[in-house]
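Have a look at the structure below, then the notes.
The values are calculated or read from the model by the stated rules, or taken from the named source; none is laboratory data. Note that this is a predicted model, so its numbers are computed, not measured. For neighbour counting, all protein chains shown are included, and Cβ atoms are generated from backbone atoms with ideal geometry for every residue, glycine included.
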């Protein structure tokens, strides 16, 4: 296979970064060159809700330079993404149009969930310890400029993720205008972080034991690299530290003034101001999670963008199943809201068989299967809040719950399906794709209306008459299931133009 060149561009909250990569099935993903420009877009957005004209005037020439560098490398394949600063800006569409017009670079805003999945792919493709560490209690802590993400793994599978508004730039700007000494600022930041982490531990960590911590994010990467080099150590070879050694890295930052950091670590004023809140967050996380060791992976979002492209186009192979991570995390969400596991697993299998039976004639893709499974695993979670208005409650729960790897549109699709899982369909609020998913989940759920798995399973086959024959595997009284099936078959037929027929197995 020919070696491909690919450019990743990150329009971040504190800096613009571009990487030029070579992708080779034998040598993997190799970074040829990278450029970075500090520009605190997030300071505008988090304070005023918009990106100012002055900031845009600084932004555009840098991206023009990125375009010229890509041309110099003869690199035509690229992906450019924007994160929280652009995502939260009210004038983001205007800014993106200006970028496209002036530079020719098409920047896409990605959701926080998509951003975190890119980070996981970077860890797998460019990190050497990922698969080993996630086999037992591991927290991947990504400290960004706008927020912090904590993602938990155990037994090789993702078990949950939470986003906390503890980004380094956001914390720095929170204290802007405070006249107290730096020591007082550190105390205030420490209390803010402790409050959020205490809440996180109580609600989401509970009795889970964290043995390993994977520290990622641009502020952490810069901090670790500069401090290790200052101490005469190699940050690439010595990136797996015990907790005490990691604490010494952070204390090197927190015990120094901004001026001392600028001079000692050879960083600019803005970067020095970012390092201190980053180190405070890291110290508090170590104290809260108490891991035995910390891996400073040294990856960045541009690595994740390139890894996603390489894996998506099958230029690189990985044994890790990221879709299985999503399924695992969603299953945990359902469990948190009291979903009955036997019925949920049974209804999920019915949904999969329905999907597989009509997949070819409907032109469904593998991504459709994953999204349908997510909706099926969560279809009754709203009963935990309000049994009388379960569908509306399910919709509200999922709109407020992060599912790693989903785009904003996919997240909204799941919400639409859950909102219409019971009762009258709100056609004005529903896309055709959501209607199809809803019809399949309603019919699959009807096949276990009693939640007793009485049929032992179903076989499903679409015949030449456009009839979907659903056959029970064993005999049993399916009166309740048939009643609910008949209630939902008209909706299914109206959506797909396929007649579902339920055939019960007669007793001996």
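All conditions in (1) surrounded by fewer than 24 Cβ atoms within 10 Å (Cβ to Cβ); (2) touching a residue at least 24 places away in the same chain (Cβ under 8 Å) hold for residue 121, with the sole exception of (1). Taking the criterion of being over 23 Å from the mean Cα position of the chain (by Cα) and farther than 28 Å from residue 300 by Cβ, the residues of region 195-223 that qualify are 195, 207.
If the condition is being modelled with pLDDT of 95 or more, under 15 Å from residue 299 (Cα atoms) and crowded, with 16+ Cβ neighbours inside 10 Å, then region 4-35 contributes 8, 9, 10, 17, 18, 19, 20, 21. Given the conditions (1) buried (at least 21 other Cβ atoms within 10 Å of the Cβ); (2) touching a residue at least 60 places away in the same chain (Cβ under 8 Å); (3) over 30 Å from residue 465 (Cα atoms), which single one is not true for residue 332? For residue 332, the failing item is (1). Each residue in region 302-318 was checked for being out of contact with any helix residue (DSSP H, G or I) (no Cβ under 6 Å at 6 or more places or on another chain) and either assigned by TED's automatic domain parsing to the domain that holds residue 214 or closer than 25 Å to residue 229 by Cα (or both), and 1 of them qualify.
Filter region 1-53 down to the residues that are part of a strand (DSSP E or B) and at positive phi and list them by number.
Let us first name the residues in region 1-53 that are part of a strand (DSSP E or B), namely 4-11, 15-24, 28-38.
Hit for region 1-53 is 28, nothing else.
Note on region 197-299: enclosed helices (runs of 4 or more DSSP H) holding 3 or more residues that are at pLDDT 90 or above and in contact with a strand residue (DSSP E or B) (Cβ under 9 Å, 6 or more places away or on another chain) are 218-230, 243-254, 269-289.
When you go through 96, 56 one by one, which is the residue that is touching a strand residue (DSSP E or B) at 6+ places or on another chain (Cβ under 8 Å), surrounded by 15 or more Cβ atoms within 10 Å (Cβ to Cβ) and part of a helix (DSSP H, G or I)? From the options 96, 56, the qualifying one is 96.
All of (1) surrounded by fewer than 22 Cβ atoms within 10 Å (Cβ to Cβ); (2) not assigned by TED's automatic domain parsing to the domain that holds residue 255 hold for residue 199 with one exception: (2).
Report whether or not residue 465 is in the same structural domain as residue 356 (by TED's automatic domain parsing) and touching a strand residue (DSSP E or B) at 6+ places or on another chain (Cβ under 7 Å). Steps first, please.
Working: in the same structural domain as residue 356 (by TED's automatic domain parsing): yes; touching a strand residue (DSSP E or B) at 6+ places or on another chain (Cβ under 7 Å): no.
So residue 465 does not fit the description; no.
Could you tell me which of the residues 138, 103, 83 is within 13 Å of the chain's Cα centre (by Cα) and either surrounded by 18 or more Cβ atoms within 10 Å (Cβ to Cβ) or closer than 30 Å to residue 192 by Cβ (or both)? Break it down into steps so the answer makes sense when it comes.
Details: 138 fails: within 13 Å of the chain's Cα centre (by Cα); 103 fails: within 13 Å of the chain's Cα centre (by Cα).
Answer to the check: 83.
Take the conditions surrounded by 21 or more Cβ atoms within 10 Å (Cβ to Cβ) and closer than 20 Å to residue 216 by Cα and apply them to residue 156. Does it pass? For residue 156, the condition - surrounded by 21 or more Cβ atoms within 10 Å (Cβ to Cβ) and closer than 20 Å to residue 216 by Cα - is not met. Can you pull out every residue in region 112-135 that is closer than 16 Å to residue 325 by Cβ and part of a loop (DSSP other than H, G, I, E, B)? Of everything in region 112-135, those that are closer than 16 Å to residue 325 by Cβ and part of a loop (DSSP other than H, G, I, E, B) turn out to be 127, 134, 135.
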